[in-house]
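Quick notes on the structure that follows.
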Amino acid sequence: MTDFMHNLIPVARDSGSPDIAWRPTPFYVERSRLRHFMDRQGISSVAELLAWSTNDPPWFWDAVVKDLELEWFKPYNQALDISNGIEWARWFVDAQYNYVHDAVDKHALRLRPQATALAWEGEDGEVRTLTYSQLYAQVNQAANALKSLGIVKGDRIGVFMPMIPETAIATLAISKIGAIFTPIFSGYGGAAVASRLRDCEARLLITADGFYRAGKQIAMKQVADEAASGSPSLEHMLVVRRVGNEVPWTSGRDVWWHELVESQSQECPTEHTDAEDPYMIIYTSGTTGRPKGAVHVHTGFPIKAAQELAHCFDLHAGDTLFWISDIGWMMGPWAIAGALMLGATCFLYEGAINHPQPDRVWALVERHRVTHLGISPTAVRSLMGQGGTMDDGRWTMDDSNHRPSSDQWVRAHDLSSLLFLAGAGEPWNPGPWRWLFDVIGEGRLPIINYSGGTEVSGGILSCNPLLPLKPCAFSAPVPGMAADVIDEEGKPVRGAVGELAIRQPWPGMTKGFWGDPERYLDTYWSRVPGLWVHGDWARVDEDGFWYILGRSDDTIKVAGKRVGPAEVESAAVAHPGVAEAAAIGVPDALKGEALVVFVALRSGYAESEKLRAEVEATIIAHLGKSLKPQAVKFVSDLPRTRNGKILRRLVRSSYLGELPGDLSALENHTALAAIAEAR
């Protein structure tokens, strides 16, 4: 294994710079799980730990799983095997391990049966909590229900659900019996859901009748029915009654959760899954083709989630983690698995964080004594913009020119339970970071900036309570991640922008894309042999702080939701009048990026506002309202290469009025002028 030298791993240092916003205090150092882990290994600094963890990954991860006190059905005989190449690294060789044992069983049966495992609040105010003992019983009932439907080890199951307790129960029950779940964003349209179910050949879809969002009932069952009609492998649909509305029903296929699950036995053995057995296929969009199904195994994603929450976020048993997410995004399964494996409380919330008032998220923190709050930069930007006045003890909106600042929504609540703030999903900009730090954290709480990816099982770069913080920056790689910033030849770059890469394997590496191993190799390993090139521009400053500067490919992030332009374009072309489409992300003050879609029409169709609305509606129908385009622009042609490939880079630069760069591959130069005129 190639030696990864110490000086290739920059770590944030306290240079005394006024840019440093937070420094570790004795309280955070003393409680730090990372510090205690280092002490047990005889390691004196984070820099030394990172050097060891990347020079000798088998040593590091063996130490991690022992420190986390994971329990194995059959111990591994080798921590790491790369005999098939670094791209196909095998971890914890020949072990038998099922993460549900560590997440639920051992806590319920021995360690903390009466501690709160799940806490939940619905947008309508309903509250439910489950102890580890109660969670154990309900997971077992759900597992037995799946068995009664004929689900067996290795079967794929779609989970198209809002963030309610049954969602966590379902994912745990599926894993308990050795089946594989596919989490699907609750805001997707039927076609997007169907594409994921088809790709993994799911036998069962678990969904709900609906959920509450911004004061409205959002229908899910109807979307699920549309998806089912395009999923030939689907045999069953298990439906949770959440809002109680009437829904269409297919006899022989559809089953109510409460009718099937609640009558089952509360005991069910946990399947002794092998280390390489998949437990989740989670789809992430790329820049071309269909969504990619990242395959994750029991000894990968859950272990990395627990390690990160322990080492970076300092989550302890008894703490409460609230990460604002959806089950369809990586942070949903990550928070559920990681928090429960550490014996903490995982708090779930169903609806909009600003409903019925802009202080909803702060009220949730106060009511449920949240200790760790994860929130996206987009959400912070939206909450910063809310103002209001107090009237008889209740905040109301004031649309005058002199309305109070959004700070007052925060100060109406007791946030003293908070120990950590965190952000992920997209790059920060300074204003929102400072507002979160100064107003929510009162200048005392560290913000754990965190970035990685679905295929990574979590983070590449992060902060931790042992290192100083600069606004918008990362203090170091996540322990165990051999991160680097490289040039086109794979050589380290410092003080300049380069590509974010990883030089050594780690347990959370996807086991490839479902049914498409070559696409996995092409996506991450083809640029520089032997290096995982992640697709982000990055930079390391003179003090060792890391920054991510955006995607180096065409992937678009709308409010932290990652979508490939090809998926948007496919949705647009589904309209009979659209011949071709090009989707780009453009800067947006609230969402980070917004979608703009350029379409060239078929013969016989003419530009009109009615047609524009139809194309927009077609995209929404396929992808969901959360990915509604900011604009649909009609053009006569799109810039392309001689072999017909559309040059999205030039679409974007022309539309934004930026320098286009190299035009040598462009076949039809007149297309650029038309796009520029569409601004």
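The values are calculated or read from the model by the stated rules, or taken from the named source; none is laboratory data. What you see is a predicted model; the values in this text were computed from it and never measured. For neighbour counting, all protein chains shown are included, and Cβ atoms are generated from backbone atoms with ideal geometry for every residue, glycine included. The accessibility values were calculated without ligands, DNA or RNA, using every heavy atom of the protein model including side chains. Shrake-Rupley method; radii C 1.70, N 1.55, O 1.52, S 1.80 Å.
Which residues, counting only those in region 573-583, are free of Cβ contacts under 8 Å to residues at least 60 places away in the same chain and either open to solvent by 40 Å² or more (accessible area, probe 1.4 Å) or not in a loop (DSSP other than H, G, I, E, B) (or both)? Before you say what the answer is, go through the steps one by one.
In the first step, residues of region 573-583 are kept if they are free of Cβ contacts under 8 Å to residues at least 60 places away in the same chain; the result is 573, 575-579, 581.
573, 576, 578, 579, 581, listed by residue number.
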Looking at region 104-126, which of the residues that are under 28 Å from residue 215 (Cα atoms) and free of Cβ contacts under 8 Å to residues at least 40 places away in the same chain is surrounded by the most Cβ atoms within 10 Å (Cβ to Cβ)? 126
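When you check residue 620 against the structure, is it open to solvent by less than 70 Å² (accessible area, probe 1.4 Å), over 22 Å from residue 672 (Cα atoms) and touching a residue at least 40 places away in the same chain (Cβ under 8 Å), yes or no? Walk me through how you get there before you give the answer.
Values: open to solvent by less than 70 Å² (accessible area, probe 1.4 Å): yes; over 22 Å from residue 672 (Cα atoms): yes; touching a residue at least 40 places away in the same chain (Cβ under 8 Å): yes.
For residue 620, the condition - open to solvent by less than 70 Å² (accessible area, probe 1.4 Å), over 22 Å from residue 672 (Cα atoms) and touching a residue at least 40 places away in the same chain (Cβ under 8 Å) - is met.
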Sole residue being farther than 26 Å from residue 466 by Cβ and free of Cβ contacts under 8 Å to residues at least 40 places away in the same chain, chosen from 30, 87, 71: 71
Does residue 518 count as within 28 Å of residue 282 (Cα to Cα) and not basic (Lys, Arg)? yes
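Among strands (runs of 3 or more DSSP E) lying entirely in region 157-234, which contain 1 or more residues that are open to solvent by 10 Å² or more (accessible area, probe 1.4 Å), in contact with a Gly (Cβ under 7 Å, 6 or more places away or on another chain) and not basic (Lys, Arg)? Write out each step before concluding.
Values: elements: 180-184, 204-208, 210-213, 216-219.
Strands (runs of 3 or more DSSP E) meeting the threshold: 210-213, 216-219.
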Can you tell me which residue in region 493-514 is surrounded by the fewest Cβ atoms within 10 Å (Cβ to Cβ), limited to those that are over 21 Å from the mean Cα position of the chain (by Cα) and of a type in the set (A, V, I, L, M)? 496
Name the residues in region 235-255 that are open to solvent by less than 40 Å² (accessible area, probe 1.4 Å) and either closer than 25 Å to residue 215 by Cα or of a type in the set (Lys, Arg) (or both), would you? 239, 240, 242, 243, 247
Which of the residues spanning region 409-441 are open to solvent by 10 Å² or more (accessible area, probe 1.4 Å), without any contact (Cβ under 8 Å) to a residue 60 or more places away in the chain, part of a loop (DSSP other than H, G, I, E, B) and not hydrophobic (A, V, I, L, M, F, W, C)? 413, 414, 416, 429
Among the residues of region 371-397, which ones are farther than 23 Å from residue 431 by Cα, assigned to a loop (DSSP other than H, G, I, E, B) and modelled with pLDDT under 85? 392, 393
